[in-house]
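Asks: One structure follows; several queries about it will come next.
The values are calculated or read from the model by the stated rules, or taken from the named source; none is laboratory data. If you're wondering where the values come from, they're calculated on a predicted model, not measured in any experiment. Note: ideal-geometry Cβ built from the backbone for every residue, glycine included; neighbour counts use all protein chains shown. To get the accessible areas, we keep the full protein, side chains included, count just its heavy atoms, and leave off ligands, DNA and RNA. Shrake-Rupley method; radii C 1.70, N 1.55, O 1.52, S 1.80 Å.
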Amino acid sequence: TNVAETSLTIDGVRIVIDSGLAKIARFDPYRGINTLLVEKISRASAEQRAGRAGRTAPGICLRLWTEREHEARAAQELPEIKRLDLAEVVLTLKASGVEDVRAFRWLEPPEARSLERAETLLEDLGAIVAQASSVRKNVLEDSQAGSLRYITPLGRRMLAFPVHPRYARMLLAAHELGCVPAAARVAALTQGRPLLRRAEGKQMTQDREDFLGEKAESDFFILLRAFRFAEQNNFSPQRCQQLGIHAGAAREAAQLAAQFLKIARDEKLNTDAAVEPKDESIRRCVLAGFPDHVALRLDAGTLRCQLVHGRRGVLARESVVQHAPLLVVTEVREISGKDGPTTLLTLASAIEENWLRELFPNGFRETAEVFFDATQRRVIARREVVFRDLVLRSEQSEKVPLEEAATLLAQQVVTGTCPLKTWDAAVEQWIVRVNRLREWMPELEVPALAASDRVALIEQVCHGATSYKEIKERAVWPTVKSWLNAQQQAWLDQFTPERFDLPNGRRAKITYAATGAPVIAARIQDLYGVNEDLRIADRRVSLTIQILAPNQRPVQITTNLATFWKESYPKLKLGLARKYPKHEWR
């Protein structure tokens, strides 16, 4: 540690030999806790260290790195607020009445994601809960009021422990389960260096399996046996080496466990080790401290797992928990491989679903989901059991709510994924006619048919069905025409008819559009004798006429037939009469 950064002066120091390294407190994302990591110091720290030489007399400093490397180092250390886990700090602020930690006047504001990560962890542990207070409900109407999190009685109890909230939660759970000494050792093993080295040779592997076992419900049970072996052999490097146990790591774990036990005694927890704890109790304690590391095996054939908070990882091959469908891990680390980075899950313990219900009832919920399966082209109902955002179980239900099924099928019809064969151009024209009649003759009070109304009609067509096969060829006209009553339907046929009667008895089809004038197409011969405009909607709307030659191709578009006969027809007649001599030309 950087003793040099304190105001302490030691007499007689003439020479400083600086390794350029320091144990720096930093958040360890693998384990989700603060830990001491050996790192290179900054240039500012190096100057502080050099200043120890010659405080009271001339001195020198020897730096064990090159000048070029020195220039490449960071100018200053990153402030602790930006490199440590803030769970303890946030919990303290919550207990002090600071509801919104983002609005707190920090001397140096931390990163927003660090605060969110801390609050999420505390909520996972049950130390805080998201709810809007009654006072703020009346004062704040924005979404922020609902996102505030408040300390729980459990959180206040955890705050009394001078340890990371994870371990405070573990020790409190251990007190209830009567396994505080074992939980203290497990907590120590999660913080220190790896206890087991990689086995070298078949003999060491066999000896380790014979003594420590190869199957268990938790990787910690293997580590606890190794720790007990090292402890019984006074942490002898020679004896520990036989089983591939790191004697130094075991000694450090023993010291950490003693510190956890002292804290437990100070907080009046039951530290009696007379009764051997149940394996289940220890696994429950691990779950209590690491609920954000709950993982579900995706399938029995691989070690792939889905974790809470939308993460995925692979269980380490050396784990003894190879067949548990549901587990909790204490380390989630990203490693590089030939196929790219992989999230590796280590130090696993098998857990039970009912433990989650007991320890974290607020994080447990059951949901009923209804959705459209594009592959089967049908609506499916599914019930899910979810912890946080992790789906533990998913079961398909045969009972599909018909209202929701109709809504989902209608969405597919509207998007074109599942078109109705009988909803053709004629239906679309009928809808346009209704809307134009409403526009042209509002006094009739014919109800307009908006886009949302169209969807509602399609839902009626789909009602009672759960698959595309059932609605594909359903009749739609009875439902569509039910939009109008008998009188309104009569007005529709009278004022916005499908066809227009011409003098020669032919009935020309009228094409309506959402905007613009309606259009009919008629041959010249069908229009003989018609000298005035063609009108509909009680003669309020003129029709646009596509005048066709005998070959059914338009030769003129007009709304004024009188002008056509007088100005355009004489010129057209000459050419058309020569081309079609068998037709009548007046």
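Asks: Kindly list the number of the only condition in (1) in a strand (DSSP E or B); (2) crowded, with 19+ Cβ neighbours inside 10 Å; (3) of a type outside the set (Val, Ile, Thr) that fails for Arg283.
Replies: Checking Arg283 against (1) in a strand (DSSP E or B); (2) crowded, with 19+ Cβ neighbours inside 10 Å; (3) of a type outside the set (Val, Ile, Thr), the one that fails is (1).
Asks: Please verify whether region 488-509 includes one or more residues that are surrounded by 12 or more Cβ atoms within 10 Å (Cβ to Cβ), under 30 Å from Pro570 (Cβ atoms), touching a Phe, Trp or Tyr at 6+ places or on another chain (Cβ under 6 Å) and of a type outside the set (D, E, K, R).
Replies: yes
Asks: Is it the case that region 264-275 has a residue that's modelled with pLDDT under 95, surrounded by fewer than 16 Cβ atoms within 10 Å (Cβ to Cβ) and part of a helix (DSSP H, G or I)?
Replies: Yes, region 264-275 has at least one match.
Asks: Among the numbered conditions (1) surrounded by 13 or more Cβ atoms within 10 Å (Cβ to Cβ); (2) within 40 Å of the chain's Cα centre (by Cα), tell me where Asn233 comes up short.
Replies: Unmet for Asn233, out of (1) surrounded by 13 or more Cβ atoms within 10 Å (Cβ to Cβ); (2) within 40 Å of the chain's Cα centre (by Cα): (2).
Asks: State whether the residues of region 436-457 include one that is among the small types (Gly, Ala, Ser) and crowded, with 19+ Cβ neighbours inside 10 Å.
Replies: Scanning region 436-457 turns up no residue that is among the small types (Gly, Ala, Ser) and crowded, with 19+ Cβ neighbours inside 10 Å.
Asks: Can you list the strands (runs of 3 or more DSSP E) found entirely within region 308-392 that contain at least 1 residues being open to solvent by less than 20 Å² (accessible area, probe 1.4 Å) and more than 30 Å from Glu404 (Cβ to Cβ)?
Replies: 311-315, 326-337, 340-350
Asks: Given the condition under 30 Å from Glu352 (Cβ atoms), modelled with pLDDT under 95, out of contact with any His (no Cβ under 6 Å at 6 or more places or on another chain) and open to solvent by 40 Å² or more (accessible area, probe 1.4 Å), answer yes or no: does some residue in region 412-419 qualify?
Replies: Taking every residue of region 412-419 in turn, none turns out to be under 30 Å from Glu352 (Cβ atoms), modelled with pLDDT under 95, out of contact with any His (no Cβ under 6 Å at 6 or more places or on another chain) and open to solvent by 40 Å² or more (accessible area, probe 1.4 Å).
Asks: If you go through region 62-82 one residue at a time, do you hit one that is touching a helix residue (DSSP H, G or I) at 6+ places or on another chain (Cβ under 9 Å), among the small types (Gly, Ala, Ser) and within 30 Å of Met158 (Cβ to Cβ)?
Replies: no
Asks: Hey, another quick one. Filtering region 321-344 down to residues that are modelled with pLDDT of 85 or more and in contact with a Ser or Thr (Cβ under 8 Å, 6 or more places away or on another chain), which residue is farthest from Leu195 (Cα to Cα)?
Replies: Across region 321-344, the extreme among qualifying residues is Leu327.
Asks: Return a yes/no flag: does region 195-215 have any residue that is at pLDDT below 95, among the small types (Gly, Ala, Ser) and farther than 30 Å from Gln242 by Cα.
Replies: Looking for residues that are at pLDDT below 95, among the small types (Gly, Ala, Ser) and farther than 30 Å from Gln242 by Cα, one finds none in region 195-215, hence no.
Asks: Looking at (1) assigned to a helix (DSSP H, G or I); (2) buried (at least 16 other Cβ atoms within 10 Å of the Cβ), which is the one condition that is false for Arg474?
Replies: (1)
Asks: If you don't mind, there's one more thing I want to ask. Any residue in region 125-137 that is under 21 Å from Arg284 (Cβ atoms) sitting within a Cβ distance under 7 Å of a residue that is small (Gly, Ala, Ser) and modelled with pLDDT of 50 or more? List the pairs, counting only those 6 or more apart or interchain.
Replies: The qualifying pairs are Ala127/Gly155.
Asks: Within region 112-159, can you find the residues that are surrounded by fewer than 12 Cβ atoms within 10 Å (Cβ to Cβ) and modelled with pLDDT of 85 or more? Give the derivation first.
Replies: So in region 112-159, the residues surrounded by fewer than 12 Cβ atoms within 10 Å (Cβ to Cβ) come out as 112-113, 134-135, 138-139, 141-143, 153.
Once the filter is applied, which keeps residues that are surrounded by fewer than 12 Cβ atoms within 10 Å (Cβ to Cβ) and modelled with pLDDT of 85 or more, region 112-159 yields Ala112, Arg113, Pro153.
Asks: Among the residues of region 75-91 satisfying the criterion of being assigned to a helix (DSSP H, G or I) and over 13 Å from Glu123 (Cα atoms), which is least open to solvent (accessible area, probe 1.4 Å)?
Replies: It comes out as Ile81.
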